[in-house]
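Q: I'd like to ask you about the structure that follows.
Values quoted throughout were computed directly from the atomic coordinates according to the rules given, and no laboratory measurement underlies them. Keep in mind that this is a model prediction, so the values were computed, not measured. Here the Cβ positions follow ideal geometry from the backbone for every residue, glycine too, while neighbour counts run over all protein chains shown.
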Amino acid sequence: MRLTAALGRRTRPRRRLAVDLPATINLVGMLGKYLGLAAVLPIAVALWYGESFWPFLAAGAITSGTGFALERATAGSTRRVGVREGFLVVAATWLLAAGFASLPYLFAGGDQLGHPIDAYLEGMSGFTTTGASVVTDFDELSRSLGMWRQFTQWLGGMGIIVLAIAVLPRLRVGGRQMMESELPGPEIAQLSERIAHTARVLWGLYVGLTLAETLALASLGWLGIDDRMTEYQALAHAFTTMPTGGFSTQANSIGAFSATAQWIIALFMLLAGANFALMYRGFVRRRPRVFLRDEEFRLYVALALAASAALAVEIWGYGIAEGEEAVRAGVFQTVSIMTTTGYASMDFALWPTVCLLSLFALMFVGGSAGSTGGSIKVVRHLLLAKILRRELDQTVSPEVVMPIRLNGAPVDERTLRAIAAFILLYVGAWGVGASVIAIESALGNVPVGALDALAISATALGNVGPAFGVTGPFGSFAPLGDASKLTLIGLMWLGRLEIIPVVVLLTRHYWRL
Amino acid sequence: MKVFLIGAGQVGFAIVDALHQDHELTVLDTEAARLAALTERYDVATYEGDGTSRRDLAAAGVQDADLVIACTSRDEVNLVAGMFARREAKRGTTVIRTSNVEYVELWRAGQLDVDFVVCSELETAHAISRIIGVPAARQTDVFAEGQVQIVEFDVADDASSDVINVPLRDAKVPKDSKVAAIIRGEDTLLPRGDQAVLPGDRIVVIGPPQAAQAWSALLAPGDATVKDVVIYGAGRVGSAIARVLLDQGISVRLIESSIERARVVAEMLPAARVYNATGIDPDFLDRERIGQAHAAIFAMRDDAKNLYAASLAEVHGVGFTIGIAHEPVSVIAFEHAGIDVSVNPRAVTAEEIIRFAHDPRTKQVALLEGTRYEVLDVTTRDKSEYVGKTFKEMPIRGALIGAIVRDGRAIFPHGDDVLEAGDRVIIFTKTEDAPRVVEAL
């Protein structure tokens with residue numbers, strides 16, 4: 001008896017690894033292999049404009065090559081990727097994608113993008129559709145590199161894995177959970193029993209809307225309404241509107257274009273922040289009544305209208321702009337920040353604090369579930385409000401049983417707890433990020449105030465883009481210190497994957513049995 | 001008529017009790033003891049067998065039946081038996097009992113291969129909603145798509161002097177209504193104009209729903225209309241009642257002791273407020289102001305619990321209590337203990353099923369005072385001796401015409417109105433006179 005006890009203590013084995021790493025690496029490798037093909041577009045642009053295409057060719061070759069090597073090295077793994085591996089696949093794929101995006105900046109970015117941290121920040125900002133940039137001189141960027149920036153946002157908007165599920169048969173089994181990790185919002189709207197079909201519908205609608213916006217904007221150029229809106233600019237901005245990205249090829253963002261172009265972009269930003277599954281039912285299936293019946297959509301539109309009106313009044317009241325211009329600035333800025341796009345039609349960093357606080361609050365709203373928007377999202381606010389109301393009711397009557405409903409259907413308690421957990425983690429990550437930025441800026445004499453630091457952290461986590469002060473819409477994130485930049489990269493990554501799939505990786509239980 | 005009955009439980013007994021005198025009954029059940037108990041009291045043929053066995057059904061003679069009633073306590077047995085009987089009894093009508101509202105919906109959609117479906121829970125809920133509409137009522141029923149209501153009232157001591165202690169011909173009775181019967185102690189009188197209603201009587205009134213409500217206000221002045229109801233127990237009966245009351249715009253609070261069931265019902269009925277509580281915790285009753293509810297319905301599975309909870313609720317101030325009595329004997333206990341109205345779901349179901357045993361012209365039948373009186377809804381034949389006569393010419397033969405339905409509209413006849421062929425007549429009569437009255441019309 002005593003012997004076995006002693007033996008048991010001495011030979012107690014290390015607890016086994018619970019994650020199937022070879023299978024995970026194999027899948028990430030395969031995704032990387034195909035992702036490298038995305039370099040075809042900037043190569044084509046470079047050839048068209050007679051610019052150097054080798055940075056893109058190299059980036060594509062490195063990415064595909066690495067992917068291929070990873071896949072080959074782990075080719076023996078027979079187990080398929082399960083729920084547990086899914087989190088790691090998603091997290092790793094997005095780190096890899098940002099790395100891929102940063103390679104052309106490293107090779108051809110010159111002084112403003114050539115530093116590895118800057119390049120990676122720009123890459124992460126691209127794929128996560130944030131739109132925060134370290135670029136200070138836009139004229140120095142080649143057309144192909146400019147288009148690459150825009151294109152990375154477009155690829156990241158609807159999700160790399162959703163795209164992979166749509167086109168690659170291998171992911172059709174077990175892909176649902178990965179898709180849920182990647183798609184914005186607490187749950188995917190069930191469009192179809194088959195996830196491949198759902199993924200194809202989402203991407204199809206996304207491509208369709210992008211084309212529609214490109215045509216709408218390009219026609220302004222063709223009709224002579226807006227001379228600066230060339231076909232190149234139309235495509236470049238459609239690429240960053242639909243994913244609610246916010247990168248622009250212009251130093252003064254959308255302020256460079258005409259009023260009509262601004263209204264069109266505002267409309268498409270609003271669409272990009274709406275639920276794509278809902279738009280599929282409403283537009284493609286021609287059932288427009290679904291919009292009126294959807295609680296989240298109603299709140300989303302109501303919030304956009306109310307905030308636009310308030311901001312327009314503030315802008316007009318402070319004499320920043322008048323008449324149509326004030327209304328346009330109010331609507332454009334509200335929609336841009338609320339949907340987490342991050343375009344600017346004016347330099348709002350110069351506006352009074354009241355206006356800044358309005359925009360700051362909007363950074364926490366976000367788009368709808370199943371949209372390309374980031375941040376907390378309207379449906380989570382809606383459900384949180386219902387949870388709070390129930391808590392208050394149950395304070396008075398502890399016995400009352402009140403299921404929480406969304407569009408009439410009860411929402412299960414686990415989803416509700418996940419929402420509460422998400423919001424707590426979101427606020428926590430925001431606070432930690434703001435602290436790092438504030439401390440480093442204070443030590444390094446970077447002109448970033450308390451509100452600026454809070455806004456920078458919120459804008460990165462919410463995948464919005466611009467903040468206030470030097471990091472305003474017409475400014476740049478270049479002046480920040482390296483620790484702040486690394487923090488921003490982490491926040492953008494966390495925000496795009498909606499925190500929980502990443503934070504799960506930090507728990508001991510995830511790795512060990 | 002040949003009636004074939006599957007199931008000799010409580011519902012089966014009540015049906016046999018109502019039909020055995022006028023009809024030829026065969027009862028099939030799996031338990032010999034129940035059949036023996038039945039034959040001790042009634043003159044009926046019995047057969048021991050399984051309702052889901054086609055062979056047993058055929059052996060018991062289901063093919064000759066004019067009416068087949070499947071009324072066991074199990075839905076599946078009733079469904080299968082009903083479907084077999086429909087095939088076997090070519091000229092018979094099939095009625096099945098169910099406790100699941102879903103089957104009623106299926107039947108309405110034409111998806112169930114039987115002639116009629118009677119749902120105990122739904123019938124109970126409707127019975128209660130009729131009582132809630134007329135709070136002073138002891139029992140009530142509606143006819144002609146709700147245009148005619150028949151109500152049994154207890155006459156309180158403080159009832160309005162407009163209607164009590166004065167001869168009926170001088171009483172200011174609510175418009176279009178008639179007193180069909182006065183029950184005084186053991187006697188039942190079919191009143192004439194010179195008789196008066198006295199406190200302590202129980203009376204049966206026929207009239208439009210507004211008149212029923214007016215009677216309620218006259219006989220029990222304290223009771224206002226019910227807008228806020230508490231239901232104890234959110235089982236099938238409780239939730240069916242809640243659904244019907246909510247549809248009428250009445251606010252409903254449900255008390256359910258099982259958390260799982262409470263969740264299910266809360267999801268099913270968004271408009272109701274559901275509590276997970278036993279309903280007998282004084283703190284809870286006080287905190288939620290249960291005593292301020294206009295009415296409380298006790299629909300828990302256990303009659304004893306219903307009785308106890310009702311007593312407690314009355315202590316807390318609930319003015320009007322309705323008890324669901326699953327056992328017939330509980331009705332007596334409930335009434336003795338002061339529960340205002342008792343409803344036995346099985347009796348309600350039996351009553352609903354008995355309606356099918358009458359003449360095909362008879363649409364609906366209600367039983368009052370146990371089975372001593374019936375209310376019939378009969379369409380008059382062309383050759384009836386009464387067609388073309390005014391109502392004051394008709395002899396009183398233990399029957400009273402409460403209303404007629406002509407072209408879908410209810411008319412409350414006065415002495416000079418004339419009965420026409422094809423009129424639907426809502427008539428109150430003694431059970432033993434019912435076939436004679438139907439024949440005469």
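Q: Going by average Cβ neighbours within 10 Å, how do the peptides B:117-127, A:118-128, A:203-213 rank, with the highest at the top?
A: Averaged packing, sorted descending, gives the order A:118-128, B:117-127, A:203-213.
Q: If the viscosity is 0.692 mPa s and the temperature 37 °C, what translational diffusion coefficient in µm²/s does Stokes-Einstein give for chain B when Rh comes from Kirkwood over Cα pairs?
A: 143 µm²/s
Q: Out of all DSSP beta bridges in chain B, what portion is antiparallel? Express it as a percent rounded to 5.
A: Rounded to the nearest five, the antiparallel share is 50 percent.
Q: What are the lysines whose alpha-carbon lies under 26 Å from the alpha-carbon of residue B:227, with same-chain residues fewer than 8 places away excluded?
A: Reachable lysines: B:175, B:305.
Q: Per residue Cα convex hull volume for the range A:359-419, in cubic angstrom?
A: Residue-normalised Cα hull volume stands at 99 Å³.
Q: If you don't mind, another one. Write down Rg/Rh for the range A:429-501, rounded to two decimals, with Rg from the C-alpha atoms and Rh from the Kirkwood relation over Cα pairs.
A: With Rg and the Kirkwood Rh in hand, the quotient comes to 0.94.
Q: Quick one: check the C-alpha center-to-center distance for the range A:258-318 versus the range A:357-421, whole angstrom.
A: Answer, in whole Å: 20.
Q: Which whole-angstrom value gives the distance between the alpha carbon centres of the range B:417-437 and the range B:60-99?
A: With the range B:417-437 and the range B:60-99 each reduced to a Cα centre, they are spaced 30 Å.
Q: Report, in whole Å, the centroid distance computed from the Cα atoms of the range A:16-41 and the range B:104-132.
A: Going from one Cα centre to the other spans 60 Å.
Q: Would you mind ranking A:355, B:71 so that the residue whose beta carbon has the fewest other beta carbons within 10 Å leads the list?
A: A:355, B:71
Q: OK, next. Where does the Debye-calculated log10 I(q)/I(0) of chain A sit at q = 0.11 Å⁻¹, using only Cα point scatterers of equal weight, no solvent?
A: Rounded to two decimals, the profile gives -0.93.
Q: Continuing with this model, one more query. For the range B:228-349, what mean projected area does the convex hull of the alpha carbons give, in nm²?
A: Orientation-averaged projected area of the Cα hull: 6.7 nm².
Q: Here is a further query. Using only the Cα atoms of the protein assembly as shown, what do you get for the radius of gyration and for Dmax, in Å?
A: Over the protein assembly as shown's Cα set, Rg and Dmax evaluate to 38.9, 115 Å.
Q: Can you tell me the dipole magnitude for the range B:235-320 around its Cα centre, using point charges on the Cβ only (Lys, Arg +1; Asp, Glu -1), in Debye to the nearest 20?
A: Charge dipole of the range B:235-320: 220 debye, to the nearest 20.
Q: Continuing with this model, one more query. Pull up all non-local amide H partners of residue B:94: gap of 5 or more, or a different chain, and H-to-H distance under 5 Å with H placed in the peptide plane.
A: B:68, B:115, B:116
Q: In square nanometres, what is the average projected area of the Cα convex hull of the range B:2-114?
A: So the Cα hull casts an average projection of 6.4 nm².
Q: Which of the aspartates and glutamates could be linked to residue A:386 by a straight reach, that is with a Cα gap under 14 Å, when you skip same-chain ones fewer than 8 residues away?
A: Straight-line reach from residue A:386, under 14 Å: A:295, A:296, A:412, A:413.
Q: Only bridges whose two residues both fall in the protein assembly as shown count here: according to DSSP, what percent of them are antiparallel, nearest 5?
A: 55 percent
Q: Based on DSSP H runs of at least 4 residues, each adding -39500 (n - 2.57), what is the mean residue ellipticity at 222 nm of the protein assembly as shown after dividing by all its residues, to the nearest 500 deg cm²/dmol?
A: -15000 deg cm²/dmol
Q: Then there's this: Return the lysines within reach of residue B:430: Cα separation strictly under 18 angstrom, same-chain partners fewer than 8 residues apart disregarded; answer none if there are no such residues.
A: B:178, B:363
Q: Sort B:232, A:49, B:47 by Cβ crowding within 10 Å, fewest neighbours at the top.
A: A:49, B:47, B:232
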